[in-house]
Amino acid sequence: MKIGTVSTVAGGPHAELDRFVDEAKRAESAGFSFLSVPNIFGHDAITTLAIAGRETERIELATGVVPTPPRHPHALAQQALTAGAACNGRFTLGIGLSHKLVIEDMLGLSYGKPAKQMREYLEVLMPILRGEQAQVKGDFYNVNAGVQIPDAKPVPVLVAALGPLMLKVAGELADGTATWMTGVKTLGDHTVPHITKAAAEAGRPAPRILASLPIAITNDPAKAIETANQMFAIYGTLPSYRAMLDREGAANPGDVALVGDAETVRAGLGRLRDAGVTDMAASVFPADEGAVARTLDFLRDEL
């Protein structure tokens, strides 16, 4: 299981572009496999990682994740292939439907039939990323177009798939899934089996399972869980994440966090590996004073 980190710069009060680039350089120097940058209401993650790709050499740079409804799949494919060229083949495109709260209430777009929309989206996106012409006539997209990028590199696509329908779509059409707030039990008995079965039935390779959870090395796990509940409270209210927490039997986001001493967290990483997770995106959070540095040091030792 590869270990990467979720950006700690994103969403902070000093999230300037230079800080993202410095973060990518530090993650590369530390030996992490990848850096995942969310795309919420700050910098555009694809553009940010394209810039960071010019300043790094080895580390994979992934979006976690770019909302699809506001972006036409042809335009996103063009942008992703450009970022892939800038990163010299180290760019991974994580995409997701976002949430009704954002897409309908904030942006005024439709959030109807999300799984069908994602299926059509991928039917346009994936051929273009392969250098082919997309030919789709559907309910959401009618596309007959491609792009020409001479220095294009392969761009893997991970879909933020949580429910059975989305996992089926991701398994059949994409390269894997990227999850958040999905506990180890749910990953093992729900996420991995559903997407793996869909990929196998579609004749595709075994999918990549990139799981992201809050993580902290601490001597006060009860306080860490309380802190996680406060920091990540919004995710307990969004229907898609709430469904995953309920499936796990978790009352609050902190209940799926990996917290405790090094031995406890190491055992948690082992359970993720045993569940079929291929990549762990560590969302390191300040459970207590010094927790971020302490946790990053621990993760570096685990690489």
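The numbers here are math on the coordinates, done by the rules we state, and not lab data. On a predicted model such as this, the values are computed, not experimentally measured, just so you know. Cβ atoms come from the backbone with ideal geometry, glycine included; neighbour counts cover every protein chain shown.
Values as computed for the structure displayed
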quantity	calculated
Residues that are without any contact (Cβ under 8 Å) to a residue 60 or more places away in the chain, under 22 Å from the mean Cα position of the chain (by Cα), surrounded by fewer than 22 Cβ atoms within 10 Å (Cβ to Cβ) and closer than 24 Å to PHE91 by Cβ, drawn from the stretch 123-168	GLU123, MET126, PRO127, ARG130
Any chance LEU125 is touching a Pro at 6+ places or on another chain (Cβ under 7 Å) and aliphatic (A, V, I, L, M)	yes
Selected residue (criterion: farthest from GLY89 (Cα to Cα)) from residues of the stretch 13-24 that are out of contact with any helix residue (DSSP H, G or I) (no Cβ under 8 Å at 6 or more places or on another chain) and not acidic (Asp, Glu)	PRO13
Scan of the stretch 71-99 for residues that are in contact (Cβ under 8 Å) with a residue 60 or more places away in the chain, surrounded by fewer than 22 Cβ atoms within 10 Å (Cβ to Cβ) and assigned to a helix (DSSP H, G or I), ordered by number	HIS74, GLN78, THR82, ALA85
Number of positions in the stretch 8-33 that are closer than 25 Å to ALA75 by Cα and touching a Leu at 6+ places or on another chain (Cβ under 7 Å)	0
Residue ID - farthest from LEU167 (Cα to Cα), chosen from residues in the stretch 198-222 that are surrounded by 14 or more Cβ atoms within 10 Å (Cβ to Cβ) and of a type in the set (D, E, K, R)	ASP220
Residue check, HIS190 free of Cβ contacts under 8 Å to residues at least 40 places away in the same chain, within 21 Å of the chain's Cα centre (by Cα) and closer than 25 Å to ILE3 by Cβ	no
Leading residue by the ranking (nearest to ALA86 (Cα to Cα)) among those in the stretch 35-61 that are touching a residue at least 40 places away in the same chain (Cβ under 8 Å) and of a type outside the set (A, V, I, L, M)	GLU60
Failed condition for THR68, given (1) crowded, with 22+ Cβ neighbours inside 10 Å; (2) without any contact (Cβ under 8 Å) to a residue 40 or more places away in the chain; (3) of a type in the set (Ser, Thr, Tyr)	(2)
Extreme residue, surrounded by the most Cβ atoms within 10 Å (Cβ to Cβ), among residues of the stretch 104-116 that are out of contact with any Lys or Arg (no Cβ under 9 Å at 6 or more places or on another chain) and within 14 Å of GLY163 (Cβ to Cβ)	LYS116
Residue count, the stretch 112-146 (criterion: among the basic types (Lys, Arg) and under 14 Å from LEU173 (Cβ atoms))	3
Condition check for ALA228: of a type in the set (A, V, I, L, M, F, W, C), more than 25 Å from ALA174 (Cα to Cα) and surrounded by fewer than 20 Cβ atoms within 10 Å (Cβ to Cβ)	no
Unmet criterion (only one of (1) part of a loop (DSSP other than H, G, I, E, B); (2) more than 18 Å from the chain's Cα centre (by Cα); (3) crowded, with 19+ Cβ neighbours inside 10 Å) for THR182	(2)
GLY188 surrounded by 20 or more Cβ atoms within 10 Å (Cβ to Cβ) and either out of contact with any Pro (no Cβ under 8 Å at 6 or more places or on another chain) or closer than 26 Å to PRO127 by Cα (or both)	no
Residues of the stretch 209-227 satisfying the condition of being within 11 Å of GLY254 (Cβ to Cβ) and polar (S, T, N, Q)	THR227
Subset of the stretch 247-303 [within 27 Å of LEU158 (Cβ to Cβ), without any contact (Cβ under 8 Å) to a residue 60 or more places away in the chain and crowded, with 18+ Cβ neighbours inside 10 Å]	GLY254, ALA257, LEU258, VAL259, VAL265
